[in-house]
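Below: the structure, in structure tokens.
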Amino acid sequence: MTGRNQTAVTEFLLQGLPIESERKNLFYALFLVMYVTTVLGNLLIIFLIRLDSQLHTPMYLFLSNLSFSDLCFSSVTMPKLLHNMQSQVPSIPYAGCLTQMYFFMLFGDLESFFLVAMAYDRYVAICFPLHYTTIMSPRLCLSLVALSWALTTLDAMLHTLLMARLCFCADNVIPHFFCDMSALLKLSCSDTQVNELVIFIMGGLILVIPFLLIILSYARIVLSILKVPSARGIYKAFSTCGSHLAVVSLFYGTVIGLYLCPSTDNSTLKDMVMAMMYAIVTPMLNPFIYSLRNRDMKGALGKVFFKKKTSFSV
């Protein structure tokens with residue numbers, strides 16, 4: 001077997017979700033509403049942060065990038081899922097499948113990196129409040145954003161190039177609603193040991209280490225609060241970190257449940273449900289979590305509607 005791509009498959013068939021035909025229209029409407037909500041919610045977050053100068057801080061710089069990655073993350077899979085639900089032949093071209101896999105990994109990894117950056121921002125804000133502006137300088141913040149984009153782009157490109165060298169000989173049915181990397185590896189008739197080794201190594205760097213850094217940041221935050229325990233300090237820390245902790249729990253909880261929990265007989269269904277949780281549900285809920293739990297976001301939203309109301313009354 002040469003290193004060149006010798007695939008005999010020109011397209012894949014996405015098996016999709018196990019939905020009964022009589023309920024397909026209902027689920028189509030539900031997924032359409034979820035996708036529109038995700039797009040509008042994350043665009044609103046980005047719009048408010050750009051509009052309100054009081055939100056031009058490191059925390060909201062990371063939040064705007066997180067919202068952008070959520071918007072793109074959901075857009076990688078949802079339009080194709082909606083299209084295939086109305087299609088008689090839910091197919092995707094070979095090149096389109098690799099492209100979808102690349103962007104799915106890119107924006108999924110970005111979410112992990114931005115959650116780490118936001119955890120570090122909260123750590124500095126609570127543990128070193130007097131030096132916050134010095135430590136979280138604009139240069140450092142932009143460097144963290146640029147580094148996140150660079151590392152995730154390289155990681156997604158590495159996995160995509162390794163996948164492109166594999167051969168797919170006969171079976172082209174993917175038991176998923178998108179081109180999942182693990183599902184593609186199972187279909188390949190080439191040796192996938194290199195791919196699996198890279199997945200193991202890069203998975204630790206991209207997911208496990210960021211998760212441990214988040215845990216470490218919040219452990220330091222808790223220790224800092226316990227040194228000077230007060231109801232006001234605890235409330236301030238919880239109000240500052242509550243929304244971020246909720247997003248971290250949603251994202252990493254589903255990822256850990258998908259990749260670290262033991263497989264069962266219905267592992268395919270479990271994989272699809274868990275993938276929907278972190279790829280579709282989490283990006284939809286993030287804007288609600290941040291806007292409802294964050295006083296600054298609610299204030300910015302109120303300013304927008306108040307200005308609109310006053311302009312109409314003139």
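Some notes on this structure:
- Computed from the Cβ-Cβ distance with R0 of 35 Å, the FRET efficiency linking R139 to L13 stands at 0.10.
- Solvent-free Debye calculation, one equal scatterer per alpha-carbon of the range 75-233: log10 I(q)/I(0) at 0.14 Å⁻¹ equals -0.81.
- Projecting label points 7 angstrom from Cα along Cα→Cβ for A146 and T192 puts them 3.8 nm apart.
- Label-point separation in nm, L40 to L130, each point 7 Å along Cα→Cβ: 4.8 nm
- The range 124-148 and the range 172-202 have Cα centres lying 38 Å from one another.
- Pairwise label distance in nanometres, V89 with Y28, each label 7 Å out on the Cα-Cβ vector: 1.9 nm
- Largest first, the three principal axis extents of the alpha carbons in the range 54-161 are 61, 29, 18 Å in whole numbers.
Only the coordinates and a few stated rules stand behind these numbers; no lab work does. Note that this is a predicted model, so its numbers are computed, not measured. Neighbour counts run over all protein chains shown; Cβ positions are idealised from the backbone, glycine included.
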